[in-house]
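This report concerns only the one structure given below.
The values are calculated or read from the model by the stated rules, or taken from the named source; none is laboratory data. Remember, it's a predicted structure, so these values are computed and weren't measured experimentally. Every residue, glycine as well, gets a Cβ built from its backbone with ideal geometry; the counts of neighbours run over all protein chains shown. The protein model used for the area step is the full one, side chains on, heavy atoms only, and it has no ligands, DNA or RNA in it. Shrake-Rupley method; radii C 1.70, N 1.55, O 1.52, S 1.80 Å.
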Amino acid sequence: MHNNTEHLASSAANQPLTHDDIRNFTMPDNSLEDKIILITGAGAGIGRVAALTYARYGATVLLLGRTSSKLEAVYDEIEGLGGKQPAILPMDLEHANYSEMQQLEGLIRKEFGRLDGILHNAGILGELTPLEMYDVDLFAKVMKINTTATFMLTQALLPLVKEAPNGSIVFTSSSVGTHPRAFWGAYALSKQAVEGMSDIFTQETEKTTNLRFNCINPGGTRTNMRAHAFPGEDPKSLKTPEDIMPGYVCLMSDDSIGVRGQVVALQPKV
Ligand code: NAP
């Protein structure tokens with residue numbers, strides 16, 4: 001068993017990174033060497049690029065998502081790039097139950113023996129409409145995928161990730177999670193709850209474990225979700241998922257030890 005006190009003392013002695021440091025992280029080639037990282041929603045958009053990037057910087061990536069064909073394509077890309085052999089974990093977060101998530105914990109423990117990081121990235125937009133008119137079934141679905149399943153998976157995997165010497169759990173928020181905005185409905189509320197979850201987990205664990213929790217707000221990024229939210233926007237005006245990867249790599253790497261309970265906006269408004 002590792003000595004938690006010693007780890008906490010050494011992270012406190014080093015100055016934690018600022019948000020600017022995280023956004024502008026230089027990503028040494030071995031940033032994620034030997035780390036085992038699970039990414040949800042790894043088949044498309046930001047999650048796909050995060051999986052490829054984590055593999056490129058040395059991690060073994062566990063690809064969780066609801067569309068196996070997309071996960072298989074990412075798997076093939078990683079193998080093609082010479083990355084460590086990934087794993088495919090098909091799971092629909094809308095319908096998955098807690099015991100399936102606990103089984104996943106057992107499977108990862110058996111196959112990999114460790115879990116160093118989780119990037120909670122999967123999410124859906126729902127609809128952009130006044131709360132007064134929001135479809136209640138869709139509301140429940142958005143909350144399930146974006147918030148409740150995120151909580152369930154975190155809790156189910158916690159025993160494993162707490163054992164890692166410097167575990168890192170990264171949630172994904174949004175500008176409307178930090179500042180709720182009219183018409184963003186369940187999506188904004190689900191992301192507010194995710195920010196609160198990261199904060200509460202941080203408060204409940206920071207004195208007893210090395211595990212850290214943080215949120216990323218990627219900012220407007222060129223993906224299908226963004227195109228659905230802003231159909232009139234020129235996608236070329238947006239940063240690509242690749243552009244924002246330094247922040248994603250930083251929060252998973254040991255360089256961010258000591259960074260806890262933060263919401264890091266990767267494209268802050270100036
Ligand atoms: P995206 O392109 O729509 O990708 C979303 C991913 O989540 C896909 O891989 C999707 O799988 C997966 N997913 C959706 N429902 C799922 C379910 N029930 N079970 C398992 N996986 C599921 O979105 P994105 O833009 O990359 O967004 C990634 C994250 O960043 C989200 O949390 C989003 O809220 C956040 N974000 C994005 C932006 C932006 O501008 N893009 C801004 C702020 C925050 P399938 O492909 O199989 O459907």
With n ≥ 4 as the cut-off for DSSP H runs, can you work out [θ] at 222 nm for the chain, using -39500 (n - 2.57) per run divided by the number of residues, rounded to the nearest 500? -13000 deg cm²/dmol
Using θ = phi - 60° and the Karplus relation 6.51 cos²θ - 1.76 cosθ + 1.60, list the HN-Hα couplings for the range 141-155 in order, rounded to whole Hz, with x at every Gly or Pro. 5, 4, 5, 5, 6, 7, 10, 5, 5, 5, 5, 4, 5, 4, 5
5 angstrom amide H check on ALA265, placed H, neighbours 5+ away: ASN217
Got a sec to turn the phi values of the range 111-117 into Karplus ³J(HN,Hα) couplings, 6.51 cos²θ - 1.76 cosθ + 1.60 with θ = phi - 60°, whole Hz, x for Gly and Pro? 7, 10, x, 6, 9, 9, x
Starting from the Cα of ASP243, step 7 Å toward the Cβ, then list every residue of the range 30-71 with an amide N under 15 Å from that point. 46
Accessible area per residue in Å² at 1.4 Å probe, computed on the range 2-265: 45 Å²
Long-range amide H partners of PHE213 with built H, under 5 Å: ILE169, GLY261
With the full set of protein chains in place, find how many percent of the accessible area of the chain is carbon and sulfur; take the probe as 1.4 Å. 52 percent
Residues with amide H under 5 Å from that of ILE88, placed H, sequence gap 5 or more: LEU63
Determine the principal axes of the Cα atoms in the range 40-90, then give the extent along each, sorted from largest to smallest and rounded to whole angstroms. 25, 17, 13
Inter-label distance for TYR98 and LYS162, nm, one decimal - labels placed 7 Å from Cα along Cα-to-Cβ: 1.5 nm
Here the averaged projected area of the range 101-164, based on the convex hull of its alpha-carbon atoms and given in nm², is 4.9 nm²
Can you run phi through the Karplus equation (6.51, -1.76, 1.60; θ = phi - 60°) for the range 195-210 and list ³J(HN,Hα) in whole Hz, with x for Gly and Pro? 4, x, 4, 4, 5, 5, 4, 4, 4, 7, 10, 5, 8, 10, 8, 7
Rounded if a/c under 1.5, otherwise prolate or oblate - the chain, Cα gyration tensor axes: rounded
